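This report concerns only the one structure given below.
Just so it is clear, none of the values below were taken in a lab; they were calculated from the coordinates. Because the structure is predicted, anything quoted here is derived from the model rather than measured. FYI the Cβ positions are ideal-geometry reconstructions off the backbone, even for glycines, and counts take in every protein chain you see.
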Amino acid sequence: MRIIGGNLRGLKLADVGAGDAQAHLRPTTDRVRESMFNLLVNGTHGNPIPGARVLDLFAGTGALGLEALSRGAARVAFVDDGVAARALLRANIEKARAMGVTDVWRRDATNLGENRAKGYDLVFLDPPYGKGMGEVALANALKGGWIAPQGMVVWEESTAPPVVAGLTQIDQRKYGDTVVTLLRPA
């Protein structure tokens, strides 16, 4: 696993092997991540990355948020309540020398509570597949003010996710066994 583009391009991230089923660690493959970022950067909806405040829910290894930093995001908040995930995440933040522009929160991504700051411009959502956690996380993130009014959500799942009230789908692509859905607040 490595950073695909930007100023950290080629940086090898901490190895998790095939993932950690117990901790629900299933890193986004380099190929899917590259396709996802090509969709963001080259899509008709405008590139949301430069200068963005990014929220990486179910962050796991942090590869999505670190890829965004590499491509010009201003700051990333990583949310994961798994011990194994946070250890890998911290190792990857150190490898990227990104300690000053990242936050790591030990929280349940499905229950963030109220956001006391401004909403995030770009939200990555990579929940454990097929457990309905993405829907709950997004509904609570919207309710708590975590997503900026003009923000974008990038949701990775194994199947096309259901519609979440308050969000509008703007694009959806299938890459192998992964479905990537782009959403904006309605």
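Could you list Leu69, Leu8 in order of exposure, starting from the residue whose Cβ has the fewest other Cβ atoms within 10 Å?
By the 10 Å Cβ count, ascending, the order reads Leu8, Leu69.
Need one number: % antiparallel among DSSP beta bridges in region 30-185, to the nearest 5.
40
Would you calculate a helix-derived [θ] at 222 nm for the chain, using -39,500 (n - 2.57) for each DSSP H run of n ≥ 4 and dividing by the full residue count, to the nearest 500?
Theoretical 222 nm ellipticity from helices: -7500 deg cm²/dmol.
How big is region 76-186 along each principal axis, measuring the range of its Cα positions in Å and listing the largest first?
35, 35, 21
If Lys and Arg each add +1 and Asp and Glu each add -1, what is the summed charge of the other residues whose beta carbon sits under 15 Å from the beta carbon of Pro149?
Around Pro149, the charge tally is +3.
So what does log10 I(q)/I(0) come out to for the chain at q = 0.14, 0.18 Å⁻¹, using the Debye formula with one equal point on every Cα and no solvent?
-0.68, -1.24
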